[in-house]
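Here is the structure we will look at, set down as structure tokens.
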Amino acid sequence: MSEREERVWEALRGVKFPGMSRDVVSFGFVQSVEAEDGVRVVLRIPTQNPGAGEQIKEEVEKALLALDMGAVEVALDVVLQERPERAQQQAISTDPGLLSGVQHVIAVASGKGGVGKSTVSSNLAVALAQLGYRVGLMDADIYGPSMPLMFGISDKPRVTDTGLLPFEKYGVRLMSLGFVLDIDTPVIWRGPMVMKAIEQLLGDVEWGELDYMIIDLPPGTGDAQLTLTQKVPLTGAVIVSTPQDVALIDARKGLAMFRKVNVPVLGMIENMSGFECPHCDKVVNIFGADGARRTAHVLDCPFLGKIPLDASIVLGGDNGVPVVHDEGPLRESFQRVAHEVIAQVASQAPRGPSFTIS
Ligand code: ADP
């Protein structure tokens, strides 16, 4: 790459996608750069907002003109994405006022309990924050809210005139019913109470402006999941499963439920996938191997990656430090999954027409 081209790439890295904290290069929107004589850049962006194209074009032009490298030409290919699923979902009863400052709402679900759904939710949220996004984490696992423990927070949330203030730790805004419930009392709630609790987590908390909101759902396919899909326009759901068949049967049910209510399934994550023996360094597949990958393939749903079975994940969860917080291979595994989720969010939904601004 010539020195002139390098300068252009550097300048493009300074242009953020509107409303996001990431730049157009890291999103993979830059198709080509020519800088021999003047500067010519081609961008291609998938978006649901046609106005975003004009804004990016203007900002890219401004950044390139500031380089003072001669004539600047920016061609922008905008691929409009439509959301027919969202339109149908909204027709049920989603409330446009809820989470209005949030760009992408992602539900993390599992068919059954104990597969690591909360572990994945917390680490995914922190991984997204590490990548520079503004992230919220809503613990809607009303029957077993574990985020207070996983984030090491035992205080009560502060209440202001306008609502409940989320906690902020590891770059993530966090709210959980665990902060207000007595942890030693079992939650025995009927449907309407579950719905009310979820509504309060959505509407009474001052979430503010966020790029991503991760919602840790209770396991299964009950009232909480339905309330959520009816109240909030979800960008999509991520399903967590362990590799063995018995967990995958339930994961398939979860996937079917989201599809039934027209929530896009962004993909499946395989947790507790292989254990590296500390004595012989061999990988032992305690719960089998690649079951979630195969199931994702059969069900025509993206596979977002694997997280190994590792004692430090348990320790991190119990000590209030999500394992992704520390450098190492587990951080890399969670960050790889986070990148896959980002890519699925950017590319999900059928593509609409494409047009070029130049
Ligand atoms: P769920 O939300 O599906 O009920 P949790 O996230 O609470 O599951 O995880 C259940 C238990 O399994 C916790 O003790 C957690 O630390 C542990 N765990 C989760 N994922 C892993 C993993 N990849 N390796 C080791 N232990 C894990």
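The values are calculated or read from the model by the stated rules, or taken from the named source; none is laboratory data. All values reported here derive from a predicted model rather than from experimental measurement. Quick reminder, even Gly has a Cβ in these numbers, built from the backbone with ideal geometry, and neighbours come from all protein chains shown. All accessible areas refer to the heavy atoms of the entire protein, side chains included, with ligands and DNA or RNA removed. Shrake-Rupley method; radii C 1.70, N 1.55, O 1.52, S 1.80 Å.
Which one of these is open to solvent by less than 20 Å² (accessible area, probe 1.4 Å), closer than 30 Å to residue 231 by Cβ and within 12 Å of the ligand (Cβ to nearest atom): 334, 258?
Numbers: 258 fails: within 12 Å of the ligand (Cβ to nearest atom).
Sole residue among the options that is open to solvent by less than 20 Å² (accessible area, probe 1.4 Å), closer than 30 Å to residue 231 by Cβ and within 12 Å of the ligand (Cβ to nearest atom): 334.
For residue 215, state whether it is within 16 Å of the ligand (Cβ to nearest atom) and either part of a helix (DSSP H, G or I) or closer than 15 Å to residue 302 by Cβ (or both).
no
Based on what the data block shows, is residue 100 within 11 Å of the ligand (Cβ to nearest atom) and either touching a residue at least 12 places away in the same chain (Cβ under 8 Å) or surrounded by fewer than 23 Cβ atoms within 10 Å (Cβ to Cβ) (or both)?
Judged against the criteria, residue 100 is not a match.
Just one of 67, 149 is within 16 Å of the ligand (Cβ to nearest atom), surrounded by fewer than 20 Cβ atoms within 10 Å (Cβ to Cβ) and at pLDDT 90 or above; which is it? Steps first, please.
Numbers: 67 fails: within 16 Å of the ligand (Cβ to nearest atom).
Testing whether each residue is within 16 Å of the ligand (Cβ to nearest atom), surrounded by fewer than 20 Cβ atoms within 10 Å (Cβ to Cβ) and at pLDDT 90 or above leaves just 149.
Regarding region 310-320, can at least one residue be identified that is farther than 23 Å from residue 281 by Cα, within 14 Å of the ligand (Cβ to nearest atom) and open to solvent by less than 80 Å² (accessible area, probe 1.4 Å)?
yes
Is it true that residue 274 is open to solvent by less than 10 Å² (accessible area, probe 1.4 Å) and at pLDDT below 95?
Yes; evaluated as a whole, the condition is true for this residue.
Considering only region 33-45, state which residues are open to solvent by 30 Å² or more (accessible area, probe 1.4 Å), part of a strand (DSSP E or B) and farther than 11 Å from residue 8 by Cα.
Listed by number, the residues that qualify are 42, 44.
Condition (residue is modelled with pLDDT under 95, away from the ligand (no atom under 14 Å from the Cβ), open to solvent by less than 30 Å² (accessible area, probe 1.4 Å) and of a type in the set (A, V, I, L, M)) applied to region 181-192: is it met by at least one residue?
No: region 181-192 contains no residue that is modelled with pLDDT under 95, away from the ligand (no atom under 14 Å from the Cβ), open to solvent by less than 30 Å² (accessible area, probe 1.4 Å) and of a type in the set (A, V, I, L, M).
Report yes if residue 269 is open to solvent by less than 30 Å² (accessible area, probe 1.4 Å), closer than 20 Å to residue 106 by Cβ, touching an Asp or Glu at 6+ places or on another chain (Cβ under 8 Å) and within 13 Å of the ligand (Cβ to nearest atom), otherwise no. Write out each step before concluding.
On the way: open to solvent by less than 30 Å² (accessible area, probe 1.4 Å): yes; closer than 20 Å to residue 106 by Cβ: yes; touching an Asp or Glu at 6+ places or on another chain (Cβ under 8 Å): no; within 13 Å of the ligand (Cβ to nearest atom): yes.
Taking the combined requirement at face value, the residue does not satisfy it.
Tell me which of these residue 323 doesn't satisfy, since it passes every other one: (1) away from the ligand (no atom under 13 Å from the Cβ); (2) modelled with pLDDT of 95 or more.
Looking at each condition in turn, residue 323 falls short on (1).
Taking the condition of being within 13 Å of the ligand (Cβ to nearest atom) and open to solvent by 10 Å² or more (accessible area, probe 1.4 Å), how many residues in region 131-146 meet it?
Residues flagged as within 13 Å of the ligand (Cβ to nearest atom) and open to solvent by 10 Å² or more (accessible area, probe 1.4 Å) within region 131-146 amount to 5.
Return yes or no: is residue 103 at pLDDT below 95, touching a Leu at 6+ places or on another chain (Cβ under 9 Å) and assigned to a helix (DSSP H, G or I)?
no
From (1) in contact with a Lys or Arg (Cβ under 9 Å, 6 or more places away or on another chain); (2) more than 16 Å from the ligand (Cβ to nearest atom), pick out the condition that doesn't hold for residue 294.
(1)
Residue by residue through region 229-247, note down the ones that are open to solvent by less than 10 Å² (accessible area, probe 1.4 Å) and within 16 Å of the ligand (Cβ to nearest atom).
If the condition is that a residue be open to solvent by less than 10 Å² (accessible area, probe 1.4 Å) and within 16 Å of the ligand (Cβ to nearest atom), then 237, 238, 239, 240, 241, 242, 243, 247 are the ones that fit.
Inside region 119-130, can you point out the residues that are open to solvent by 10 Å² or more (accessible area, probe 1.4 Å) and either closer than 20 Å to residue 222 by Cβ or within 8 Å of the ligand (Cβ to nearest atom) (or both)?
119
Any chance you could count how many residues in region 321-341 are of a type in the set (S, T, N, Q) and over 20 Å from residue 282 (Cα atoms)?
Count: 1.
Pairs needed: first member in region 155-179, in contact (Cβ under 8 Å) with a residue 40 or more places away in the chain; second member anywhere, part of a helix (DSSP H, G or I) and among the β-branched types (Val, Ile, Thr); C-beta distance under 8 Å; at least 6 residues apart or different chains.
So the pair list comes out as 170/126; 171/126; 172/126.
Hey, among the residues in region 57-73 that are outside any helix (DSSP H, G or I) and in contact with a strand residue (DSSP E or B) (Cβ under 6 Å, 6 or more places away or on another chain), which one's nearest to residue 7 (Cα to Cα)?
69
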